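The values are calculated or read from the model by the stated rules, or taken from the named source; none is laboratory data. Computed from a prediction, not measured in an experiment: that's the story for all the values here. Here the Cβ positions follow ideal geometry from the backbone for every residue, glycine too, while neighbour counts run over all protein chains shown.
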Amino acid sequence: MRVNDLRYLPRMMHSFYEADYPVERGQVWAAFEKRVSEARLALLSSAGLHLHSQQPFDLEGERREPTWGDSSYRMLPNDPDTGELAVAHLHVNPEPLLADPNITLPRGPLAELIDRGWVGGAVDQHVSVMGYQGWHDDALDRWRDVTGPAIATELQTQGADGLILAPA
């Protein structure tokens, strides 16, 4: 299955991204092997969430270059105290996310699905990244070669069977 990643951009911007930022596209989906009612799921937020005790994402780099994004990630406990969460992302309004973290890290709805038996379980730690990543320099290479595999390894170690992307 091919993903049309330009679908939500205004048509006048398509040629800009297609011409200047060619990306190899192929199949990005994998078959889900388990019944969801038996699967352990993880959440991935692109809102730049982190705990106050963790190093925030690099906002200075984002200020210098607004199309750049920190390609690191943070692990967030499945049930952190809401007051512990912080947002480090200049392209996201943090107020609603901190008022209701389920907007971009839907732990509450996931817990409800688990309680109803519709989902088998959740991992102990979910993932947060800084969305709005740039296409310049080696950004895609870093995501493909470093960040993506590191996140996959973390989640496989926790026994995750699937990942739910909760975009900001």
Scope the range 38-54; condition aliphatic (A, V, I, L, M) and more than 17 Å from the chain's Cα centre (by Cα); matching residues:
Ala39
When you scan the range 148-165, do you find a residue that is over 23 Å from Ala31 (Cα atoms) and of a type in the set (A, V, I, L, M), even just one?
no
Residues satisfying the stated conditions in the range 152-167, i.e. in a loop (DSSP other than H, G, I, E, B) and in contact with a Phe, Trp or Tyr (Cβ under 7 Å, 6 or more places away or on another chain):
none
Kindly indicate which of Ala160, Ala168 is surrounded by 15 or more Cβ atoms within 10 Å (Cβ to Cβ), of a type in the set (A, V, I, L, M, F, W, C) and at pLDDT below 95.
Ala168
Condition (residue is out of contact with any helix residue (DSSP H, G or I) (no Cβ under 6 Å at 6 or more places or on another chain), modelled with pLDDT of 90 or more and closer than 18 Å to His52 by Cβ) applied to the range 105-112: is it met by at least one residue?
yes
Would you point out which residue out of Val28, Val23, Val92 is among the hydrophobic types (A, V, I, L, M, F, W, C), assigned to a loop (DSSP other than H, G, I, E, B) and at pLDDT 75 or above?
Val92
Subset tally (residues that are part of a helix (DSSP H, G or I), more than 14 Å from Pro77 (Cα to Cα) and free of Cβ contacts under 8 Å to residues at least 60 places away in the same chain) for the range 104-151
10
Only one residue in Leu59, Leu76, Leu85 is crowded, with 18+ Cβ neighbours inside 10 Å, out of contact with any helix residue (DSSP H, G or I) (no Cβ under 8 Å at 6 or more places or on another chain) and not aromatic (Phe, Trp, Tyr), so which one is that?
Leu76
